[in-house]
1. Please give the contour-minus-distance gain from Ser32 to Ala61: 0.36 nm per residue of separation, less the Cα-Cα distance, rounded to one decimal in nm.
2. For region 58-64, in order, what is each residue's ³J(HN,Hα) by Karplus, 6.51 cos²θ - 1.76 cosθ + 1.60 with θ = phi - 60°, in whole Hz (x at glycine and Pro)?
3. For the pair Val48/Asp82, report the inter-label distance in nm, with labels modelled 7 Å from Cα in the Cβ direction.
4. Tell me, Kirkwood radius of region 22-90 from alpha-carbon pair distances, in Å?
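Read the figures in this text as sums done on the coordinates, not as results from a lab. From a predicted model like this one, the values you see are computed outputs, not experimental measurements. Backbone-built Cβ (ideal geometry, glycine too); neighbour counts: all protein chains shown.
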Amino acid sequence: MIRFLVVGGIFLSLAPALGGGALAASISNSGSSSIVLIVVENGNRVEVSLDAGGSDSICPAGCFVTLPNGDRLGLAGSESIDIKDGIATIK
């Protein structure tokens, strides 16, 4: 088990060098109103607006996202996230 975690950690640290940096988290708003997310990536803070039914790609190198309800998610950059009424579901 420990070997798996170490190997997995090494792979994750090499992922950008292996082309993993080209991936990005896909985020969609399936709620009925627009939302604003706070995204912090590499120390830079950006607000991302999503209209109802809208979607975007964020965090190609990993980031932290603060949701409208105050919850914070740590993303690696390959997730698919759906937000409905302020609640996120990671797929």
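1. Between Ser32 and Ala61, full extension yields an extra 7.5 nm.
2. Once rounded to whole Hz, the list reads 9, 6, x, 10, x, 5, 10.
3. For Val48 paired with Asp82, the spin-label model returns 1.7 nm.
4. 11.6 Å
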